[in-house]
Amino acid sequence: MRQVFRLSQLATTRNKPGLLPVSPATLWRWVNLGRFPKPFKLGVNTTVWDAQEVANFIAQQRGAST
């Protein structure tokens, strides 16, 4: 079964920490710049990211900072 993340799980907001220490606007900016994996639609109002692609992104960022 494919695991996915919603925006509310990934981005950090004033009231809730997310997996990444960036705002929803920054996350979308990264998607548009090609820096973050593209999401896909599960339904009309449901956009998600593949969990493995997100894990790969995080691993690459960790590798770049060492």
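A few notes on this one:
- Given (1) on the phi < 0 side of the Ramachandran plot; (2) at pLDDT 95 or above, number of the condition Arg2 does not satisfy: (2)
- When the strands (runs of 3 or more DSSP E) confined to the chain are screened for residues that are out of contact with any Phe, Trp or Tyr (no Cβ under 8 Å at 6 or more places or on another chain) and loosely packed, with under 10 Cβ neighbours inside 10 Å, those reaching at least 1 such residues are found at 40-43.
The values are calculated or read from the model by the stated rules, or taken from the named source; none is laboratory data. Remember, predicted model here, so these are calculated numbers, not experimental data. So basically every Cβ, Gly included, is an ideal-geometry build from the backbone, and we count neighbours across all protein chains shown.
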